[in-house]
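The values are calculated or read from the model by the stated rules, or taken from the named source; none is laboratory data. Nothing here was measured: the structure is a model prediction, and the numbers come from that model. With ideal geometry, Cβ positions are generated from the backbone for all residues, glycine too; neighbour counts draw on all protein chains shown. Note: accessible area is taken over every heavy atom of the protein model, side chains too, but ligands, DNA and RNA are not part of it. Shrake-Rupley method; radii C 1.70, N 1.55, O 1.52, S 1.80 Å.
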Amino acid sequence: MRSMHHTVTELAIMWFLSSVSMIFLGRDFYINAYKQAIHKSANMDTLVALSTGVAYLFSLFNTLFPTFFTDKGLESHVYFESVSVIIAFILLGRTLEERAKSSTNSAIKKLIGLTPKNATIIDRELLKTKEIDTIYNNLESSALTITIEDIIIGDYIIAKPGERIAVDGKVLFGTSYIDESMLSGESEPIKKSKGSLVYAGTINSNGVLIYRGEKIGEETKLAQIIKLVELAQSSKSPSQKLADKIAAVFVPIVLSIAIITFIVWSILGGENSLTHAILALVTVLVIACPCALGLATPTAVMVGIGIGAEKGILIKDAQSLENAEKINVVALDKTGTLTYGEPQVTDISKKMRSDELYTLYIIEQLSQHPIAKSIVKYCGEQIKDFNNEICLIKESYVNIAGKGIICKVSKENKDVEYLVGNKELLLDNDIKIDKESEEAIEKFTSRAKSFTIFAEKNSKRIVAILAISDKIKENSREAVEKLKEAGIEVVILSGDNNKNTTFIGKECGIEKIIAPILPHEKEKIIREYQKENKVVAMIGDGINDSAALARADVGIAMGSGSDIAIESASMTIISSDLRKIATAINLSKKSV
C-alpha cells in the first residue's frame, strides 16, 4: 500500500516539486534558520525551516519505505504539498513587502532627476576683464555650458525661461517668477529680482535671471530633502509578523513537547513503542507547521489591498494597512490637499458685461503674471458663447513691474485705456478707489485672498475687482469632522504664510496650524509626535511633503499630486477625496 493511497507516479511528482521548492525557492529559510541556531535564537525562518524540513524528511521516508508504518497498523502520511504551500505563501507575503521597499528607490531617483544635468554659466575669465552690466547685455557670447558637477561656489549662472535652477544662489540681475512648489507646496510662482534667493530644482517661469551659486552638491535644499527621504525610509522597521513575535518562545516549546511526547510514547507505548514514539514526534512537529501564520498575513494583505483599490485607495504594503487603524494624529498639507492646489477666481465685486469680460480676457492673455492664467480661465468660461471680436489691442501694452498693466484698446472705433493691477497702479494714474471697492478689497483680504483691480482709465472707473485664491475642496470640512469624531487629532503643516493657512484651517474646522514651515521642519514635527508614542498619518501631494510622507507611520498621497509624493507615500487616494482617509482607517481595522 502506497502512502495515503498515492500512486508511485504521483509520489514521484510531489517529491520532485517539493524538492524544487525547498532548494530553489526556500533555501534562504534554511540558511537563515542555521544562522539563527548558531546564535541560539529563533524566528519565523526557524519555524518554516523546522516544519517544512521535518515534513519533507518524514514524507520522503514514507515514500521510500511505505510499509514501515502500515505493517504496524499505522498510516504512512506524506506532506510534500504542505512544504510547497507554506514556502509559496510566506514568499508571497515577503514579495508584497519588497515591492513597497522598491518604491523608495524610485522616489529618490525622481527627486535626483529634478536637478538639471547641465548649467549655463558666464565665462569665469570674462568676469575678470569685463563689467557684469556689459556681459548681461550680450549673454549669448559670454555663456558656457558645463555639467552640474563642475559648478563652483561663486559662479554666475544663467537661468532662461522654463529652465530649472541648477544650485542654490542669489539673484544678481533680472526679474522673473519661479515655481517653488517643490519646497513650499504653493502653486503660485514667487517673484524674484536682485537679492532674492533661488533654489536648485525650482523652475524659472519667464524672464532671464543671472544668479550667483552659493550652495552646491549636498548643501542645496533639494539634496537635503533627498537625504531626509532616504533616512526616513531606511529608519522604518519592517512590519513584524505574528510568527516572528512568538517564534523565540514557540519553537523551544514545540521542540520540548515533541521530545516529551517521544519519551512518553517510548516508555508507555507498549508493543512497537519506538515506532509510535517516532510517529508522535514527527506528528507534533508537522502540526506545528505555521500554515495558518504563513497563509493569514499575505491573504489578509491581498484582500485588504483589493478592497482598498475598489474604493479608490491604493495601498502599497502590509505595514501601512496594519498601522492605519492605530492612527491618532493626522497631519495635513494645505495646498493641493485641503485645497485644489491652483489659484482660481473665487469672487467678483461687480458683474461685468460680456464686452468687459472679453477686454479683460485679451489683456490678461498677453500677461506673464501667474495670476493672469486664472483670470483668463475665468473670463473664458464666462464668455464661451461670445464669439464677436469687439476689441483689439491697439499699440500700447505696458507691463509695470510689481504693479500691473496699462493697455490701450481699440473698442467700437474708440481708443480706451485700461488698467489691470493693484491699488498702487490706480493711485499712480489718479483713479480713486470708491467706498464700495474699498469694502470689497477689505473683504477679500480678510479671507486671505489676493485681488486684481480692472479699471478704465479714460472714465477713471473701476470696472470690477476679482478675488483670486486656492479654493477649498468641497469635502475637506466633512473629512476633518469624520476624523475628529473618531478621536483623531488633526493639524495643518504648510509652507504657505500663517494668515492664509489659518483662514483655511478655520474654514475646515482645524484649530492647530503650523505655518510657514520648510520640508525638513515638517519631517521633524512628525518625528516629535512619534517620540510621544503617537501613530502619525501625513497627507500631502507635493515634493515638499515627500520627507514627511516617508517619515510618517502612514504616508497618504493625493492622486493628483506629484509622482515623488506618491512614491514616498504608503497609500494613495486616487480621487484626492479626503473622506477616503476615514475609509482607509476602517478598512485597516477590518483587515487586522
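What are the aspartates and glutamates whose alpha-carbon lies under 20 Å from the alpha-carbon of Lys411, with same-chain residues fewer than 8 places away excluded?
Answer for Lys411, where 20 Å is the Cα cut-off: Asp355, Glu356, Glu364, Asp385, Glu389, Glu395, Glu456, listed by chain and number.
Just order 169-175, 321-327 by mean Cβ neighbour count inside 10 Å, highest at the front, would you?
Descending packing order for the listed peptides: 321-327, 169-175.
Give the separation of the Cα centroids, the stretch 9-41 to the stretch 498-576, in Å.
44 Å
Among the listed pairs Lys316/Lys589; Lys192/Lys221; Lys522/Lys580; Lys334/Lys522; Lys484/Lys589, give every one whose C-alpha distance is greater than 19 Å.
Lys522/Lys580
Any chance you could look up the accessible area of Arg164 with a 1.4 Å probe, heavy atoms only, rounded to 10 Å²?
Ignoring ligands and nucleic acids, Arg164 comes out at about 90 Å².
For a test of the definition: using alpha carbon positions, the gyration tensor, and the 1.5 limit on a/c, classify the stretch 502-592 as rounded, prolate or oblate.
Rounded, since a/c falls under 1.5.
I need the phi-derived Karplus couplings for the stretch 437-449: 6.51 cos²θ - 1.76 cosθ + 1.60, θ = phi - 60°, integer Hz, Gly and Pro marked x.
So the Karplus estimates, Gly and Pro as x, are 5, 4, 5, 5, 4, 5, 5, 5, 5, 5, 9, 6, 10 Hz.
Less than 12 Å Cβ to Cβ from Lys457, Lys/Arg counted +1 and Asp/Glu -1: what total charge do the surrounding residues give?
-2
Along the charge dipole of the stretch 537-586, which of Ala548, Ala537, Gly559 sits closest to the positive end, that is, farthest toward it, with unit charges on the beta carbon of Lys, Arg, Asp and Glu (+1, +1, -1, -1)?
Positive-most Cα among the choices belongs to Ala537.
Can you give me the solvent accessible area of Tyr34 with a 1.4 Å probe, rounded to the nearest 10 Å²?
150 Å²
Here is the link list: Lys473/Lys524; Lys377/Lys457; Lys191/Lys473; Lys215/Lys403. Which ones come out longer than 30 Å on Cα distance?
Lys215/Lys403
What order do Phe250, Phe24 take when sorted by accessible area (1.4 Å probe), most exposed first?
Phe24, Phe250
For Ala464, list long-range residues whose amide hydrogen, built 1.01 Å from N in the peptide plane, is under 5 Å from its own amide hydrogen.
For Ala464, the qualifying residues are Phe454.
Keeping every protein chain in place, order Asp415, Asp168, Asp430, Asp355 by accessible area at 1.4 Å, biggest value first, i.e. largest first.
Descending order: Asp430, Asp415, Asp355, Asp168.
For the ranges 46-57, 149-160, what's the packing order if you count other beta-carbon atoms within 10 Å of each residue, average per peptide, and put the highest first?
Result, highest mean Cβ count within 10 Å first: 46-57, 149-160.
Each residue of the stretch 338-350 in turn: what ³J(HN,Hα) in whole Hz from Karplus with 6.51, -1.76, 1.60 and θ = phi - 60°, glycine and Pro shown as x?
7, 10, 6, x, 8, x, 9, 6, 9, 9, 9, 6, 9
Could you compute how much accessible surface Val416 exposes when probed at 1.4 Å, giving the result in Å² to the nearest 10?
Surface open to solvent at Val416 totals about 20 Å².
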